[in-house]
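Below is one structure; the comments refer to it alone.
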Amino acid sequence: MRKYREINLIFYIILIVAFFTITSCNKKIDKYRILKTPKKIIDKLGNKRSFRLFMPADRNPVPMIVYFHGVMSKEFKKMDVLKGYTGSPVEETGLISFCRVRKIALLIPEPFYSFKFLNVKATGWSPFHKEIDGIEKIISVVSKSYNIDKDSIYLAGISAGAVLSHHLANRHPERYRAILSHSQAYISEDGKILYPSKGHVKFGVVFCYTRGDYKNLKELCSESYKVYKKSGYKTVLLKDLPPTSHKWAVSYNKLFWKLLVRSGRK
């Protein structure tokens with residue numbers, strides 16, 4: 001009897017050790033690291049560029065979304081026409097928790113340069129010729145330094161961030177699988193619709209706008225969608241999503257991701 005008790009005790013100890021070992025391993029696997037400018041990035045004008053990386057711990061290469069918010073300025077709060085507008089920083093998009101659950105890396109570059117918008121000082125990816133170099137270096141360094149699936153890099157942005165996504169993808173279409181263009185289109189800095197790259201590599205494009213979006217932005221999305229489609233790109237247009245303002249459609253993240261993966265180049 002005593003012998004059996006000792007065997008049972010040993011058995012229970014083994015079970016307890018195994019349980020805590022598995023639990024500990026799961027915690028390590030599920031851990032989502034938040035890295036703030038872990039690599040030094042200097043753009044062509046000699047300025048240090050900042051970024052955040054939300055990185056899942058996974059043995060296999062993971063897909064990555066690069067997110068760009070809209071134009072931002074402290075002065076916007078004083079303007080009636082922009083009441084309720086925030087520029088949709090990533091914290092308001094639901095993408096952080098969404099990507100964490102699905103083991104997707106989330107890269108958030110920060111704009112460096114400022115410009116005049118509605119006669120006030122603002123930031124938000126303009127002028128392009130200054131911003132793009134640093135951003136491309138951030139994406140390149142992160143994709144090479146971390147466990148990123150280089151065939152599954154997606155760009156996503158709202159408003160000015162969407163415009164930037166188009167410009168980045170058309171400069172190097174081979175680097176990105178698909179882009180999400182929320183509430184804006186592929187336009188020049190003076191607001192004219194541009195034609196996409198004519199190369200054999202074609203990334204996917206998901207357009208969308210909300211019910212409360214500005215009329216001119218809805219029209220730009222619809223027109224750019226037609227231009228991409230005519231140029232042979234796999235694209236889709238989602239119209240009149242909630243909310244009733246110029247904000248990120250948080251409740252549609254699952255569909256956005258599904259369409260990005262489906263529309264992306266193989």
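Laid out as a table, the results:
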| read-out | value |
| --- | --- |
| Complete set of residues in the stretch 196-213 that are surrounded by fewer than 17 Cβ atoms within 10 Å (Cβ to Cβ) and among the basic types (Lys, Arg) | Lys198, Arg211 |
| Residue check for Ser197: of a type in the set (S, T, N, Q), farther than 23 Å from Trp248 by Cβ and in the same structural domain as His129 (by TED's automatic domain parsing) | yes |
| Matching option when the condition is modelled with pLDDT of 95 or more and farther than 23 Å from Gly87 by Cβ, among Phe256, Phe207, Phe203 | Phe203 |
| The stretch 96-119, residues that are small (Gly, Ala, Ser) and more than 27 Å from Lys130 (Cα to Cα) | Ser97 |
| Members of the stretch 214-244 that are surrounded by 15 or more Cβ atoms within 10 Å (Cβ to Cβ) and either modelled with pLDDT under 95 or not assigned by TED's automatic domain parsing to the domain that holds Ile187 (or both) | Tyr214, Pro243 |
| Considering residues of the stretch 163-195 that are of a type in the set (Val, Ile, Thr) and crowded, with 21+ Cβ neighbours inside 10 Å only, the residue farthest from Asp133 (Cα to Cα) | Ile179 |
| Search result, residues across the stretch 86-95 that are farther than 21 Å from Glu131 by Cα and surrounded by 19 or more Cβ atoms within 10 Å (Cβ to Cβ) | Thr93, Leu95 |
| Restricting the stretch 53-85 to residues that are in contact with a Gly (Cβ under 7 Å, 6 or more places away or on another chain) and in a strand (DSSP E or B), the residue that is surrounded by the most Cβ atoms within 10 Å (Cβ to Cβ) | Phe68 |
| Leading residue by the ranking (farthest from Val71 (Cα to Cα)) among those in the stretch 114-141 that are in a loop (DSSP other than H, G, I, E, B) and touching a Gly at 6+ places or on another chain (Cβ under 9 Å) | Trp125 |
| Ile193, sole failed condition from (1) within 18 Å of Val66 (Cβ to Cβ); (2) among the β-branched types (Val, Ile, Thr); (3) out of contact with any Lys or Arg (no Cβ under 8 Å at 6 or more places or on another chain) | (1) |
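The values are calculated or read from the model by the stated rules, or taken from the named source; none is laboratory data. Note that the coordinates shown come from a computational prediction; the quantities given were computed from them, not determined experimentally. So basically every Cβ, Gly included, is an ideal-geometry build from the backbone, and we count neighbours across all protein chains shown.
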